[in-house]
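Read the structure below first, then the notes.
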Amino acid sequence: MWIVLWLLSVVMLFGGVTLLIRAVRQRRGRKRTGLLAILLSPVVFVIAILTVPTDQTTPRQDTPAATPTVTPPVTETTPPPTTPEPTVPDETPPTTESPFSQAAFERSALFQANTLQEKDEWDLKSGGRNHSYRFDHPTLPGESMGVEFRPAAQAFTEGSIRWPGDLPETVLDDGEARALRAFLAFIAPDADADAIVQYVRSQANTSYDGGSSEYPRKRFGPVDVLAGRTVELIVRVERRP
């Protein structure tokens with residue numbers, strides 16, 4: 001637009017000057033017209049200058065405002081209750097102590113009622129382990145009473161009890177009889193203790209020069225009993241499988 005006005009002002013100026021020159025030469029009435037064109041041309045030129053845009057850069061396109069990101073409120077959630085895992089029972093069967101073990105004997109009435117002098121143990125060539133105990137004699141001061149068990153992997157299967165037998169006549173006195181009953185209560189609880197005590201009394205003065213291996217074997221329910229006299233009065237009880 002401003003270019004058109006500028007060109008128009010130039011044309012008016014040029015045309016007005018031309019008309020003015022011709023009017024002067026010809027002395028015609030065009031002098032006023034020429035003067036008017038000359039006077040109006042600066043006005044048109046000024047208008048053209050004013051219409052020139054001051055900033056010809058590419059009009060800025062407003063960037064739309066960014067939509068603010070709305071963060072949803074954090075809602076605290078209570079976690080569901082944790083169900084405890086079921087306890088898996090231990091499938092390993094509990095170890096049951098044998099009533100004929102070494103520990104069981106050392107809790108028995110025989111062990112608790114008599115004074116222990118010493119105890120020992122050793123491996124047997126035939127297998128198993130021999131356990132030996134020596135107590136004070138229940139009635140004779142200075143004498144002793146011996147108890148042995150074998151073999152003993154987990155349980156005693158055989159046991160013996162002995163008293164001095166070097167007197168002219170060996171008898172089973174009351175103290176020895178009580179000890180024998182306590183011994184039977186541990187190693188042969190299901191056997192007839194009275195019958196065994198009576199049998200031992202009958203064997204107290206029967207000597208066997210070949211030792212205990214020559215003692216007769218007599219069955220009393222779940223056990224075999226061997227009794228006799230060598231240097232000592234010995235009673236051996238064997239549990240049958």
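Table for the structure above
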{"read-out": "Residue ID - modelled with the lowest pLDDT, chosen from residues in region 138-196 that are within 55 Å of the chain's Cα centre (by Cα) and among the aromatic types (Phe, Trp, Tyr)", "value": "Phe156"}
{"read-out": "Scope region 199-241; condition free of Cβ contacts under 8 Å to residues at least 40 places away in the same chain, in a strand (DSSP E or B) and not polar (S, T, N, Q); matching residues", "value": "Arg217, Lys218, Arg219, Phe220, Val223, Asp224, Val225, Leu226, Ala227, Gly228"}
{"read-out": "Of all residues making up region 178-198, the number that are open to solvent by less than 40 Å² (accessible area, probe 1.4 Å), touching a residue at least 60 places away in the same chain (Cβ under 8 Å) and among the aliphatic types (A, V, I, L, M)", "value": "3"}
{"read-out": "Any hit, region 164-177, residues being touching a residue at least 40 places away in the same chain (Cβ under 8 Å), touching a helix residue (DSSP H, G or I) at 6+ places or on another chain (Cβ under 9 Å) and part of a loop (DSSP other than H, G, I, E, B)", "value": "yes"}
{"read-out": "Selection within region 106-120 - surrounded by 12 or more Cβ atoms within 10 Å (Cβ to Cβ) and touching a residue at least 12 places away in the same chain (Cβ under 8 Å)", "value": "Ser108, Ala109, Leu110, Phe111, Ala113, Asn114, Leu116, Gln117, Lys119"}
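The values are calculated or read from the model by the stated rules, or taken from the named source; none is laboratory data. What you are looking at is a predicted structure, and each value in this text was computed from that prediction instead of being measured. Cβ atoms come from the backbone with ideal geometry, glycine included; neighbour counts cover every protein chain shown. These accessible areas exclude ligands, DNA and RNA; they are computed on the full protein's heavy atoms, side chains included. Shrake-Rupley method; radii C 1.70, N 1.55, O 1.52, S 1.80 Å.
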